[in-house]
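These notes concern the structure reproduced below.
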Amino acid sequence: MAIIRVENLNYQYSNSDTKAIDDVSFEIQAGDWVAIVGHNGSGKSTLAKLLIGLMAADSGKITIDGQVLTPDTVWQIREKVGMVFQNPDNQFVGATVADDVAFGMENRSVDRPTMATKVEQALKQVGMYDYKDREPANLSGGQKQRVALAGIIAIAPKILILDEATSMLDPRGRQEILAVIQQLKADLNLTVLSITHDIDEASNADRIVVIDDGHFVEEATPSELFTHGRQLVDMGLDVPLPEKLKDALQARHVTVPRSYLDERGLVDWLRTSRLNK
Amino acid sequence: MATDITFEQVNYWYQAGTPFAVHALKDINLKIKPGSFTAVIGQTGSGKSTLIQHFNALLKPTSGTVTIGDRVITNATKNKHLKPLRKKVGMVFQFPENQLFEETVIKDIAFGPQNFGVSEADAQALAKRMAGEVGLDESLLSRSPFDLSGGQMRRVAIAGVLALEPEVLVLDEPTAGLDPRGRSEIMQLVTRLREEQGLTIVLITHQMDDVANYADHVIVMGHGKLLKQGSPRAIFSDPAWLEDHELGLPSATKLAYELQQGGFHFDQMPLKIAELADQIVPQLPKGAITHE
């Protein structure tokens, strides 16, 4: 069942000559992880804001979990969607880390004992329980992002939208958060929509959708998309390391395989090549 | 005059004297040399951002001394007369675009110098020059900064700091949230500022590839302590130590270690893709190499 259905969506900023979202239609199935990629200014974040009704589309229809998004349903729909933004400073309200995580539940009239348990669980899941009494403002960027994610985990939404949410984390922190999200997705049949420039985050997705100038231009699995080499930079992604090394070797007159190799594959290929003396 | 920055036995406590006091910097000794490119690395929460806020006396040490050029900053230093320091050491914070506020790009860039007593006309001329320096098209100068893309807004913010004509430029994860193209443009800009204008660069980053590609000195922070400092080659020569401190390797170095287990030999561990390729090619059989 499609949990997110978007039909002929259009949006244009009042100060712009071109459409930020231009006749976009797509469906996302419940339990899928879909990454939306595209360079800065391609329309990715606009799309995310339209999906949760932070801005109203000029035309088109958005259906979330069977409900059409309208001014009347927007609050019900937001109950089902958790969103983590790039800069967590913009979404902190609590005086302490624990208060902040509890805030979303307070809005949903969760009783106090349940709330306390859920805050504890959520903070442990993101590795921030030791910081529960600290002020969010005094945390580092990566720690703030973990707290923001804990706030979302606590309300257990059906859909999680990550808007560049791991961009402030160090590589290890990013891997940990992505593993937490994978786990949640498996436990709760969570649908994940991640807007990202990060190739590691995108490689976690079942499908990657490329957006450019407000259009959906391509849809592929991560390994299909990663064969594009340098074109990936136009799509707002980096070139995967094995492709970079293949390029450097080719420039040194080494004959390299054409198909996409992940790191393991590349190491195996080089190892075999070395022995073929 | 060249500005160097020296820390002697620096300690810093957040909310000092309260039950919530946190010992954020512990006995830090370091020196930033003029014209150098220093990368500050460490896990989230290791004290990197606290450290750099001492570089222009936004924070004063709870104990110890910070010497910036000829100014000595201690806990007893009054907040008066710190303005020249703020001009000498330019600070680009995380998400600097959040600090933009003027009606037009040029006014925003010119705001800093005007605040330091430069006339409006001179500040505008300076702003124009700095906009060019960071690669902002002249047609953007009369636009509202809020109409620009994320990458462009960040350039406006950096130009605003450069308009103070600092000697030291401190950047806290300046490429976070930009797409890979935007990231490499900002890093090239920083490199150019150092090469052409002799700026001293201090960069906080999580990108070990940026450390390998651009820095000549690395400071490793962990739990508020300075754990290690040295050249990128020295820092990245001990993967077990880095692993213990939950830090990564540059991607080329990491791949080289994997290849080493697969029988490849490296005289010196490569830090960059080009170095890695250079060392792999002679180890491949002649048949793998085409000669045109």
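Bear in mind these aren't lab numbers, they're just calculated from the coordinates by the rules spelled out. Treat the numbers as computed from the prediction; the structure is a model and nothing was measured. Positions of Cβ are backbone-derived with ideal geometry, glycine not excepted, and every protein chain shown enters the neighbour counts.
For the reader, a short list of remarks on this structure follows.
- Note on the protein assembly as shown: antiparallel DSSP beta bridges, both residues inside, total approximately 55 percent of the bridges counted.
- Angle between chain A longest axis and helix A:112-125 axis [Cα atoms, degrees, rounded to 10]: 10
- Taking the charge dipole of the range A:123-277 about its Cα centre, with +1 at Lys and Arg Cβ atoms and -1 at Asp and Glu Cβ atoms, the residue from A:276, A:159, A:210 reaching farthest to the positive side is A:276.
- Label-point separation in nm, residue A:29 to residue A:54, each point 7 Å along Cα→Cβ: 2.9
- Normalised contact order of the range A:2-221, rounded percent, pairs of Cα under 8 Å and 6 or more residues apart: 30
- Over the C-alpha atoms of the range B:49-105, the Rg to Rh ratio, Rh being the Kirkwood estimate, stands at 1.05.
- Within the range A:124-277, the percentage of alpha carbon pairs spaced more than 28 angstrom apart rounds to 36%.
- On the basis of the beta-carbon distance and an R0 of 22 Å, residue A:175 and residue B:241 show a calculated FRET efficiency of 0.65.
- Secondary structure note: in the range B:136-233, about 50% of the DSSP beta bridges are antiparallel.
- Counted over chain B, the DSSP beta bridges are approximately 55% antiparallel.
- Amide H contacts of residue B:228: B:220, each under 5 Å away and 5 or more positions distant or on a separate chain (H built 1.01 Å from N in the peptide plane; Pro and chain starts excluded).
- Spacing of the two label points (7 Å from each Cα toward its C-beta) at residue B:266 and residue B:144, in nm: 5.0
- Estimated FRET transfer efficiency when R0 is 35 angstrom, pair residue B:80-residue B:23 (beta carbons, to 0.05): 0.80
- Scaling the Cα radius of gyration of the range A:103-205 by the globular reference 2.2 N^0.38 Å produces a ratio of 1.06.
- Amide H partners (placed H, <5 Å) of residue A:218, local residues excluded: A:210
- Three-way shape label, the protein assembly as shown, alpha-carbon gyration tensor, a/c 1.5: rounded
- A crude spin-label estimate for the pair residue B:184 and residue A:61, with each label 7 Å from Cα along the Cβ direction, gives 4.4 nm.
- Under 5 Å between amide hydrogens, built in the peptide plane, is the criterion, and for residue B:62 it picks out B:11, B:12, B:13 among residues at least 5 positions away or on other chains.
- Formal net charge of residues neighbouring residue A:136 (Cβ-Cβ distance under 10 Å; K, R +1; D, E -1): -2
- Distance from the alpha carbon centroid of the range A:161-179 to that of the range B:1-77 works out to 28 angstrom.
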